[in-house]
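Presented below is the structure to which this report refers.
Any read-out appearing in this document is the output of simple, stated calculations on the displayed coordinates, not a laboratory observation. Small disclaimer: the values here were computed from a predicted structure and weren't measured. Note that each Cβ is placed from the backbone with ideal geometry, even for glycine, and that neighbours are counted across all protein chains shown.
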Amino acid sequence: MLKRLFLNDRFILTLIIINVFFLFAEGYQDHNHGIWYLTFLDNLITILFIAEAGVKISTWGSKYYFKSKWNRFDFTLVLLSLPALITYLFKVESFDVSYLLVFRILRVFKSFRFFQFIPNVNTLMSDVKRAMKASVFVLLGFIIFIIVTGILSHYIFGPSGSDMFSSPMKSLYSTFKVFTIEGWFEIPEEIIEHYGAVESFFTYLYFIVIVLLGGILGLSLITSIFVDSMVSDNNDALEQKVVNLESKIDVLLDEIRTLKK
């Protein structure tokens, strides 16, 4: 009975959903006076996931089990959640090595198992992989453009007194914020507080240019290449069907010509 339960995908999916709920609820508890049973149930689900992996390996064999990418993914997530389970079972806090409790964060990764239950997920992952390969060099070029623009902005606007460009890393983050076209207009307004009319004019012009190049043209180019690569597989299939249809039409036309003779 238990064996069939652990081999049932619906049961595992239910555990994943319940686990997400427990993780969400635990975020609201007081760490000193927390709801202990939520932590207990969360770790119990981890034990059930370990049992699931053990049952599947013993039933299918390790070779067949690890042949599946999703099983390898599940097994990795179980391993990532082990430190949290160990610290809970052996009360690590009492040995004054509480820094290990950071591993409890890894238990959140168990919830990623939900992805394997998405319909046609293998086809979707294949499309994403192909799209990433097609757009990798464009994406790399865009990242380099962000870095160069960020460094340039640091040297130009660093002396302005604005904290947004006070260091290369902050300047890089501010540049990325500009490229997202989200609240970018606030950045030049802060910079020009102590600028004159001429400096303010060129500051506005500078940000208009980088918003056009990076925020509009750059992101649009990457998005279009990525989307086009994802749907190219469907286009290839349609093109093949058209070719097959044309060949059948040619055969029919040849037969009609033969009958007329």
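Using a simple spin-label model with pseudo-atoms 7 Å out from Cα toward Cβ, Phe40 and Leu7 lie 3.3 nm apart. FRET efficiency for the Phe117 to Glu199 pair, using the beta carbon distance and R₀ = 41 Å, is estimated at 0.10. Each residue of the stretch 4-15 was assigned a 3J(HN,Hα) from its phi angle through the Karplus curve 6.51 cos²θ - 1.76 cosθ + 1.60 (θ = phi - 60°); the sequence is 5, 5, 6, 8, 8, 5, 5, 5, 5, 5, 4, 4 Hz, with glycine and proline shown as x.
Counting other beta carbons within 10 Å of each residue's own, what order do Phe49, Phe117 fall into, fewest first?
Phe117, Phe49
Taking 7 Å steps out from each Cα toward its Cβ at Ile181 and Glu246 produces label points 3.8 nm apart.
Couplings 3J(HN,Hα) of the stretch 209-219, computed from phi: 5, 6, 5, 5, 6, x, x, 9, 5, x, 5 Hz, in residue order, whole Hz [Karplus 6.51 cos²θ - 1.76 cosθ + 1.60, θ = phi - 60°; x for Gly and Pro].
Neighbour counts of other Cβ atoms within 10 Å put Trp184, Trp70 in the fewest-to-most order Trp70, Trp184.
With a cut-off of 15 Å between beta carbons, the residues surrounding Asp9 carry a summed charge of +3, where Lys and Arg count +1 and Asp and Glu -1.
For His194, His154, what's the fewest-to-most ordering of other Cβ within 10 Å of each Cβ? Working shown, then result.
Working: His194 9, His154 21.
Ascending Cβ contact count within 10 Å gives the list His194, His154.
3J(HN,Hα) couplings calculated from phi for the stretch 39-45 with the Karplus curve 6.51 cos²θ - 1.76 cosθ + 1.60 (θ = phi - 60°) are, in sequence order, 5, 4, 5, 4, 6, 5, 5 Hz; Gly and Pro show x.
Measuring between alpha carbons in the structure, the pairs from Lys56/Lys133; Lys69/Lys129; Lys133/Lys170; Lys63/Lys133 lying more than 24 angstrom apart are Lys56/Lys133; Lys133/Lys170; Lys63/Lys133.
Rounding to the nearest 20 debye, state how big the charge dipole of the stretch 124-260 is about its Cα centre with +1 on each Lys and Arg Cβ and -1 on each Asp and Glu Cβ.
Working: 9 positive and 16 negative charges, 90 e Å.
That gives the stretch 124-260 a dipole magnitude of about 420 debye.
Give me the number: length gained by fully extending Ala25 to Leu140, i.e. 0.36 nm times residue separation minus the C-alpha to C-alpha distance, one decimal in nm.
On the way: separation 115, 0.36 × 115 = 41.40 nm, distance 3.94 nm.
Difference between extended and current length: 37.5 nm.
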